[in-house]
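Notes to accompany the following structure.
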Amino acid sequence: MLAMNYRGPKRVRVSEKPEPALKHPEDAIVRVTRSCICGSDLHLYNGNVPDTRVGMTFGHEFTGVVVEVGSDVTKVKVGDHVLVPFNVACGRCVFCKQGMFGNCHESNPEATAVGAIFGYSHTAGGHDGGQAEYARVPYANVGPTVIPEGMDPDDAVLLTDVVPTGYQAAEMGGIQPGDTVVVFGAGPVGIMAARCSWLFGAGRVIIIDKEDYRLEFAKNYAHCEAYNFEKDMDDPVLFIKKITDWLGADVCIDAVGAEAAGNALQTITGRKLLLQAGSATALHWAINAVKKGGVVSIVGVYGPTDNLVPMGNAMNKGLTIRGNQTSVKRLLPRLIEHVQNGVLNPKALITHRIPLEDIADGYRLFSAKLDNCIKPLLIMPNSGR
Amino acid sequence: MQPTAQDHSHIPGWGIDADPENDPTYPMRDRCGEFTKKYDWERPPQQPIDIETLHSIERPNQPAVIGNSVPPSGLSGVIRRFAFRYSENLYAHWLPLLLADRVGVVEGIIDDLAHGHVPNIFAEKGYRAHWKHDPKGLALRLATTAAIAGGLVFLLTRGKKSDRIKSGS
């Protein structure tokens, strides 16, 4: 089969690889029908996540048709068209039982701080991902969810990560009616977080980024205020204080993570020299821009070591800081409902359709923010195009 | 500057998930002992371990399911095995893994060449797309890289040349 093949920082290609096989009685094999490149794939692409091995196939946002199931699989059958949550989750450990499907303890041998994620380095379990014609899906009784009849597969593929992650970012903010929410980062997840903040009753939603085309999109899609931190302000924290009656936002969401721009020290130490686990500029701003007693919600991805953030301010301001990998399975029923009722329209985020064979161009396009790219979707060779 | 939206009726779904009990200071969903607090849940069947899989020393065993992508091999594998002697709490775990990743890149190129495949770095870096959409930016980036590399080579070779002159060779 054809599969994405990581060759080193900023180098990927498509290669022939053996088709995956069933390895466990609860496995399924799916023929991938839709797959996306995610903003968090860029942390791997840039070589920032330890234990990212040459030869691995990335991809944690995908849908597919079940072509084979293990002997203990009862919830899906051959021929089902399923969306596959990005977490590999057993459904039985103490964390899954609490709905924390992003923190499963039975799927990732290499690290205990993170559950397993498809195609996301060996630090996240060493499971090959869905940027390929076929993928192995462990725990097929738990994760894969049959796409409801009538749902556009383009909407379904974004329910595997982008929509639930944006929604959980807002949920973790504990937004109360009338709250002012500031979202750092106008990528797909940030845009969705801004959109979902309204569902929790936010009174005002502001998004901050440096790409005008993304801000323009966010303003229209998420009905929010949008500001460019390179053009509209000198100091984002001071700017937010000024526009929030000098108190700060009730909730700040970091939807950027390790690739953040905007602070030379963070960029050099976090992204260039890898002296910290990515550039923590957005998180730094979030802590300083939120109101005393406010909430910082983190869905931006960082590496496993340390970051420079103003913890003294976090303590002095009495902040609540929440973060997690998204519990996709827990959120799916509500979010499927929102998509079916037209409350959320995920597929509008997709700006580019790229053949799997051109995946290197896709990564470059997305990474360098070329051609007004917001969300690239990979088209599989077997999809009939 | 004022908020742009006081009346939210134009926003589909405004407030439909508002929940006064969604209090962020109590993030855990279970604090009452409904579920076990120990490592004693009914575990799924164990996947046969048919490849070398390194596991964190912060757990006593392999999880029931493991990824089977790219087992450790070569020099990078030696470094990874060393890293997994240490807990996730220590740089002694993470820094060798980053080193192993870089060694793995070189091993990947050697492996390609050994199999008669000359990697097309230009294509693998997606420069075609970059050239199509931002030729100036790409040219600037490549020129900057070339200038830095050229400068480094010049500095290193100049040092060696002056050493040779001093030693009379």
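Taking the conditions (1) assigned by TED's automatic domain parsing to the domain that holds A:Val114; (2) in contact (Cβ under 8 Å) with a residue 60 or more places away in the chain in turn, A:Pro304 satisfies each one other than (1). Among the residues of region A:4-55, those identified as assigned to a strand (DSSP E or B), more than 10 Å from chain B (Cβ to nearest Cβ) and either open to solvent by less than 10 Å² (accessible area, probe 1.4 Å) or closer than 20 Å to A:Gly300 by Cα (or both) are A:Met4, A:Ala28, A:Ile29, A:Val30, A:Val32, A:Ser35, A:Cys36. Restricting A:His60, A:His81 to residues that are under 19 Å from the mean Cα position of the chain (by Cα) and crowded, with 18+ Cβ neighbours inside 10 Å narrows the list to A:His60. Among the residues of this structure, A:Gln340 does not count as one that is open to solvent by 30 Å² or more (accessible area, probe 1.4 Å) and either of a type in the set (Val, Ile, Thr) or under 16 Å from the mean Cα position of the chain (by Cα) (or both). Residues that are in contact (Cβ under 8 Å) with a residue 24 or more places away in the chain and of a type in the set (A, V, I, L, M, F, W, C) within region A:266-288 comprise A:Leu274, A:Ala277, A:Ala280, A:Ala282, A:Leu283, A:Trp285, A:Ala286, A:Ile287, listed in sequence order. One residue stands out in region A:237-265 among those that are more than 16 Å from A:Gly173 (Cβ to Cβ), more than 14 Å from chain B (Cβ to nearest Cβ) and surrounded by 23 or more Cβ atoms within 10 Å (Cβ to Cβ): the one that is modelled with the lowest pLDDT, namely A:Glu259. Checked across region B:100-108, the condition of being out of contact with any Cys (no Cβ under 7 Å at 6 or more places or on another chain), more than 8 Å from chain A (Cβ to nearest Cβ) and within 30 Å of B:Pro60 (Cβ to Cβ) holds for at least one residue.
The residues of region A:57-103 that are under 17 Å from A:Cys36 (Cα atoms), assigned to a loop (DSSP other than H, G, I, E, B) and among the small types (Gly, Ala, Ser) amount to a single one, A:Gly59.
For (1) touching a strand residue (DSSP E or B) at 6+ places or on another chain (Cβ under 9 Å); (2) at positive phi; (3) assigned to a loop (DSSP other than H, G, I, E, B), each residue gets a yes or a no:
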position: A:His105; (1), (2), (3): no, no, yes
position: A:Thr112; (1), (2), (3): no, no, yes
position: A:Tyr120; (1), (2), (3): no, no, yes
position: A:Gly126; (1), (2), (3): yes, yes, yes
position: A:Arg136; (1), (2), (3): yes, no, no
position: A:Glu149; (1), (2), (3): no, no, yes
position: A:Asp154; (1), (2), (3): yes, no, no
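From A:Leu332, A:Leu283, grab the single residue that is open to solvent by 10 Å² or more (accessible area, probe 1.4 Å), at pLDDT 95 or above and under 17 Å from the mean Cα position of the chain (by Cα). Working first, answer last.
Working: A:Leu332 fails: open to solvent by 10 Å² or more (accessible area, probe 1.4 Å).
Among A:Leu332, A:Leu283, only A:Leu283 is open to solvent by 10 Å² or more (accessible area, probe 1.4 Å), at pLDDT 95 or above and under 17 Å from the mean Cα position of the chain (by Cα).
Determine, yes or no, whether A:Ala169 is within 14 Å of another protein chain (Cβ to nearest Cβ) and modelled with pLDDT of 95 or more. Yes.
Among the residues of region B:74-91, none qualifies, meaning not one is touching a Gly at 6+ places or on another chain (Cβ under 7 Å), within 7 Å of chain A (Cβ to nearest Cβ) and of a type in the set (Asp, Glu). Going residue by residue through region A:348-364, is there one that turns out to be out of contact with any strand residue (DSSP E or B) (no Cβ under 6 Å at 6 or more places or on another chain) and surrounded by fewer than 16 Cβ atoms within 10 Å (Cβ to Cβ)? So far as region A:348-364 goes, no, none of its residues is out of contact with any strand residue (DSSP E or B) (no Cβ under 6 Å at 6 or more places or on another chain) and surrounded by fewer than 16 Cβ atoms within 10 Å (Cβ to Cβ). Assess whether A:Ala218 counts as being crowded, with 23+ Cβ neighbours inside 10 Å, part of a helix (DSSP H, G or I), under 20 Å from the mean Cα position of the chain (by Cα) and modelled with pLDDT of 95 or more. Spelling it out, A:Ala218 is indeed crowded, with 23+ Cβ neighbours inside 10 Å, part of a helix (DSSP H, G or I), under 20 Å from the mean Cα position of the chain (by Cα) and modelled with pLDDT of 95 or more. I'd like to check something: does region A:190-210 contain any residue that is buried (at least 24 other Cβ atoms within 10 Å of the Cβ), hydroxyl-bearing (Ser, Thr, Tyr) and not assigned by TED's automatic domain parsing to the domain that holds A:Pro144? Yes, because at least one residue in region A:190-210 is buried (at least 24 other Cβ atoms within 10 Å of the Cβ), hydroxyl-bearing (Ser, Thr, Tyr) and not assigned by TED's automatic domain parsing to the domain that holds A:Pro144. Scanning region A:129-142 for residues that are in contact with a helix residue (DSSP H, G or I) (Cβ under 8 Å, 6 or more places away or on another chain) and open to solvent by 10 Å² or more (accessible area, probe 1.4 Å) yields A:Glu133, A:Val142. For A:Glu216, indicate whether it is at the interface with another protein chain (Cβ under 10 Å from one of its Cβ atoms) and charged (D, E, K, R). For A:Glu216, the condition - at the interface with another protein chain (Cβ under 10 Å from one of its Cβ atoms) and charged (D, E, K, R) - is not met. When you scan region A:289-299, do you find a residue that is open to solvent by 10 Å² or more (accessible area, probe 1.4 Å) and without any contact (Cβ under 8 Å) to a residue 12 or more places away in the chain, even just one? There is no residue in region A:289-299 that is open to solvent by 10 Å² or more (accessible area, probe 1.4 Å) and without any contact (Cβ under 8 Å) to a residue 12 or more places away in the chain.
Out of curiosity, is B:Gln62 within 26 Å of A:Tyr120 (Cα to Cα), within 9 Å of chain A (Cβ to nearest Cβ), of a type in the set (S, T, N, Q) and open to solvent by less than 70 Å² (accessible area, probe 1.4 Å)? Spelling it out, B:Gln62 is indeed within 26 Å of A:Tyr120 (Cα to Cα), within 9 Å of chain A (Cβ to nearest Cβ), of a type in the set (S, T, N, Q) and open to solvent by less than 70 Å² (accessible area, probe 1.4 Å).
Exactly one residue out of B:Asn89, B:Asn68, B:Asn120 is open to solvent by 80 Å² or more (accessible area, probe 1.4 Å) and touching a Lys or Arg at 6+ places or on another chain (Cβ under 8 Å), and it is B:Asn120.
Of all the listed residues (A:Gly70, A:Gly119, A:Gly99, A:Gly126), the sole one being out of contact with any helix residue (DSSP H, G or I) (no Cβ under 9 Å at 6 or more places or on another chain) and either closer than 27 Å to A:Thr305 by Cα or polar (S, T, N, Q) (or both) is A:Gly126.
The values are calculated or read from the model by the stated rules, or taken from the named source; none is laboratory data. If you're wondering where the values come from, they're calculated on a predicted model, not measured in any experiment. Note: ideal-geometry Cβ built from the backbone for every residue, glycine included; neighbour counts use all protein chains shown. Note: areas computed on protein heavy atoms with side chains; ligands, DNA, RNA excluded. Shrake-Rupley method; radii C 1.70, N 1.55, O 1.52, S 1.80 Å.
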